[in-house]
Amino acid sequence: MTIDDRPAGTIWTFAEEDYRYGIGPLRLRIEKILAGAPVQQDGDLWYEVEGVEVSDQGRVVGPRRATVRASRLPSVRPR
């Protein structure tokens, strides 16, 4: 799958209420959306994503897996 038409390395910022579980905004360079296993929670659809977390200063924090509200994810299409 490809993540819309943005350049590789795009950093996505998710508000605290749009991902599970953490405190404060999550800045993530998404590498993979695990679209095969969506979760229905709180009346919304959520997907597991994998990527690299980046601090607000641009420093790489490390690999991160999170559950993100589907409506906040970039569009995804098969390759």
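The values are calculated or read from the model by the stated rules, or taken from the named source; none is laboratory data. What you see is a predicted model, and the numbers here were worked out from it, not measured in a lab. Ideal geometry is used to build each Cβ from the backbone, glycine not excepted, and the neighbour counts take in all protein chains shown.
List of remarks:
- Scope segment 52-79; condition touching a residue at least 24 places away in the same chain (Cβ under 8 Å) and in a strand (DSSP E or B); matching residues: V52, E53, V54, R64, A66, T67, V68, R69, V76, R77
- Segment 20-49: number of residues that are closer than 15 Å to G9 by Cβ and surrounded by fewer than 15 Cβ atoms within 10 Å (Cβ to Cβ): 2
- Close contacts from segment 1-20, counting a first residue that is closer than 17 Å to S75 by Cβ and modelled with pLDDT under 65 and a second that is of a type in the set (V, I, T) and assigned to a loop (DSSP other than H, G, I, E, B), with Cβ to Cβ under 9 Å and a gap of 6+ residues or different chains, come to I3/T10; D4/T10.
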